[in-house]
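Notes to accompany the following structure.
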Amino acid sequence: LAIAKQHFVTEFVRLCEACNVVICARCAPVQKAELVNLVMVHMHKICLAVGDGGNDVPMIGTAHVGVGIMGNEGMQAARASDFAIGEFRLLLRLIAVHGRYSSLRSSELIKYSFYKNLCFATPQIVFSFYSLFTGQSIANSWVGLSYNVFCTGMPALIL
């Protein structure tokens, strides 16, 4: 890995692009972190690192998303990770189910934010034509504040 990183970076990146998954076995913790960093920098991909022991902590910390597996080697990887699971078989459910639901909730919140801002800005724009663009606001500041508190806080609690 060290020789490939020093002399054959472009070939190694092309090899990584041809793979769906890159698995590091019998590598030093620093080498695992360097491999994740290499994939992130050169390929511009979102990286998920899965580890089960203390030697995987640098790799988990370097990746965009780190998953630690609690097991025989201790809790170091689980403590350093973004998500901790009990067994490796739960990884599919974490990615497929919870990842999809998180993406759906985020997209709903973004759509609602655009809708809320459109509803708040449109009357102000129409009012600016009637007030001859004087800069006068259609509502008091406390109305805008309460609108943002209720219309931004409530959907987050509901979703």
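The values are calculated or read from the model by the stated rules, or taken from the named source; none is laboratory data. All figures in this text were calculated on a predicted structure; none of them were measured in a lab. Note: ideal-geometry Cβ built from the backbone for every residue, glycine included; neighbour counts use all protein chains shown. Surface areas here come from the heavy atoms of the whole protein model, side chains and all, with no ligands, DNA or RNA. Shrake-Rupley method; radii C 1.70, N 1.55, O 1.52, S 1.80 Å.
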Could you check, for region 119-132, whether at least one of its residues is farther than 30 Å from MET70 by Cα and in contact with a Gly (Cβ under 9 Å, 6 or more places away or on another chain)?
yes
Which residue pairs have Cβ atoms closer than 7 Å, lie 6 or more positions apart in sequence or on different chains, and pair a first residue in region 86-109 that is aromatic (Phe, Trp, Tyr) with a second residue that is surrounded by 13 or more Cβ atoms within 10 Å (Cβ to Cβ)?
PHE88/ILE69
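Condition check: exposed (fewer than 13 other Cβ atoms within 10 Å of the Cβ) and at pLDDT 90 or above. Does HIS7 satisfy that?
On the way: exposed (fewer than 13 other Cβ atoms within 10 Å of the Cβ): yes; at pLDDT 90 or above: no.
It is false that HIS7 is exposed (fewer than 13 other Cβ atoms within 10 Å of the Cβ) and at pLDDT 90 or above.
Do we have any residue at all in region 46-55 that's surrounded by fewer than 14 Cβ atoms within 10 Å (Cβ to Cβ), farther than 25 Å from THR152 by Cβ, touching a strand residue (DSSP E or B) at 6+ places or on another chain (Cβ under 8 Å) and among the hydrophobic types (A, V, I, L, M, F, W, C)?
As a first pass, look at region 46-55 and keep what is surrounded by fewer than 14 Cβ atoms within 10 Å (Cβ to Cβ): 46.
Now restrict to residues that are farther than 25 Å from THR152 by Cβ: 46.
Next, from what is left, pick out any that are touching a strand residue (DSSP E or B) at 6+ places or on another chain (Cβ under 8 Å): 46.
If we keep only those that are among the hydrophobic types (A, V, I, L, M, F, W, C) as well, we get 46.
Scanning region 46-55, I find at least one residue that is surrounded by fewer than 14 Cβ atoms within 10 Å (Cβ to Cβ), farther than 25 Å from THR152 by Cβ, touching a strand residue (DSSP E or B) at 6+ places or on another chain (Cβ under 8 Å) and among the hydrophobic types (A, V, I, L, M, F, W, C), so the answer is yes.
So, in region 143-159, of the ones that are β-branched (Val, Ile, Thr) and surrounded by 11 or more Cβ atoms within 10 Å (Cβ to Cβ), which residue ends up modelled with the lowest pLDDT?
So in region 143-159, the residues β-branched (Val, Ile, Thr) come out as 143, 149, 152, 158.
Pick out the ones that are also surrounded by 11 or more Cβ atoms within 10 Å (Cβ to Cβ) and you get 143, 152.
Working: VAL143: 82, THR152: 72.
Among those residues, the one meeting the criterion is THR152.
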For region 18-36, check the following and say yes or no: at least one residue is crowded, with 16+ Cβ neighbours inside 10 Å and within 17 Å of the chain's Cα centre (by Cα).
yes
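Just to be sure, is ASN55 more than 24 Å from the chain's Cα centre (by Cα), on the phi < 0 side of the Ramachandran plot and not small (Gly, Ala, Ser)? Can you show your working first?
Working: more than 24 Å from the chain's Cα centre (by Cα): no; on the phi < 0 side of the Ramachandran plot: yes; not small (Gly, Ala, Ser): yes.
So ASN55 fails the test.
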Would it be correct to say that ILE110 is exposed (fewer than 10 other Cβ atoms within 10 Å of the Cβ) and of a type in the set (A, V, I, L, M)?
no
Out of ASN72, ASN140, I need the residue that is more than 30 Å from MET43 (Cα to Cα), open to solvent by 90 Å² or more (accessible area, probe 1.4 Å) and either in contact with an Asp or Glu (Cβ under 9 Å, 6 or more places away or on another chain) or among the charged types (D, E, K, R) (or both). Which one?
ASN72
It is to be established whether one or more residues within region 92-104 are of a type in the set (Phe, Trp, Tyr) and open to solvent by 100 Å² or more (accessible area, probe 1.4 Å).
yes
So which pairs qualify, if the first residue must be in region 40-59 and within 14 Å of VAL21 (Cβ to Cβ), the second must be part of a loop (DSSP other than H, G, I, E, B), the Cβ gap must be under 6 Å, and the two must be at least 6 apart or on different chains?
ILE46/HIS64; CYS47/ALA63; CYS47/HIS64; ALA49/ALA63
Has region 92-111 got at least one residue that is among the aliphatic types (A, V, I, L, M) and over 30 Å from THR152 (Cα atoms)?
yes
